[in-house]
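Report on the structure given below.
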Amino acid sequence: MAATSTAARQPHEPIPTPAKVPVALIVNGTREQLNIAPWTTLLDALRDHLDLTGTKKGCDHGQCGACTVLVDGRRVNSCLTLAVMKDGAEVTTIEGLARDGALHPLQQAFIDHDAFQCGYCTPGQICSAAGMIAEGKANTPDEIRELMSGNICRCAAYPNIVAAIQQAMSKP
Ligand code: FES
Ligand code: FES
């Protein structure tokens, strides 16, 4: 009978858990101090640690745009962004777009144009559209479609979404 190596008989050593790291974020105007595992995505930090569940997890792989938020004014896929990478940054989520009790022009436009069915993609669509408008590169429906192509809508509300964005862009 072949001898079994001593190493094979050893129980597996538990893998030590890395220390949690402090991360400060300014979320929708409020400073938040988190103590999180270093691999925590910005999406999970928002949803699981700050209870801001408006931002949705769709694919969790950077392919659908449901998790789009604004970081220092620029749109990012929060599922592909580690929270520690954004220490000190300003984050705006769908919960932070309304001002003084009034909907953001994009939120109102999405309602006006019936630009959703299930609504799962909508927070990401609206945050992405806010970022796209700030970029100032879309002037035509085709350009809107191209620059919003990272945001998938399984309900295929695309014509209504483009119409809503055009309405918001027409407002000063
Ligand atoms: Fe982030 Fe799909 S959940 S891109
Ligand atoms: Fe359902 Fe866009 S409204 S996925």
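Every read-out reported here was derived from the displayed coordinates using simple, explicitly stated rules and does not represent laboratory data. Just so we're clear, the structure is a prediction, and the values are computed from it rather than from any experiment. All Cβ positions, even for glycine, are placed from backbone atoms using ideal geometry, and neighbour counts span all protein chains on display.
Odds and ends about this structure:
- Lysine-lysine proximity count for the chain, Cα under 29 Å, sequence distance 8 or more or distinct chains: 10
- A straight chain from ASP48 to ASP142 at 0.36 nm per residue would run longer than the Cα-Cα distance by 30.2 nm.
- Highest-fluctuation residue, ILE15, ILE111, ILE152 considered, GNM on the chain with Cα pairs under 10 Å: ILE15
- If you take all other residues with their beta carbon under 14 Å from the beta carbon of GLN125, and give Lys and Arg +1 and Asp and Glu -1, the sum is +3.
- Selection among GLY29, TRP39, PRO159 by position relative to the dipole of the stretch 6-159 gives TRP39 as farthest towards the positive end (Cβ unit charges, Cα centre).
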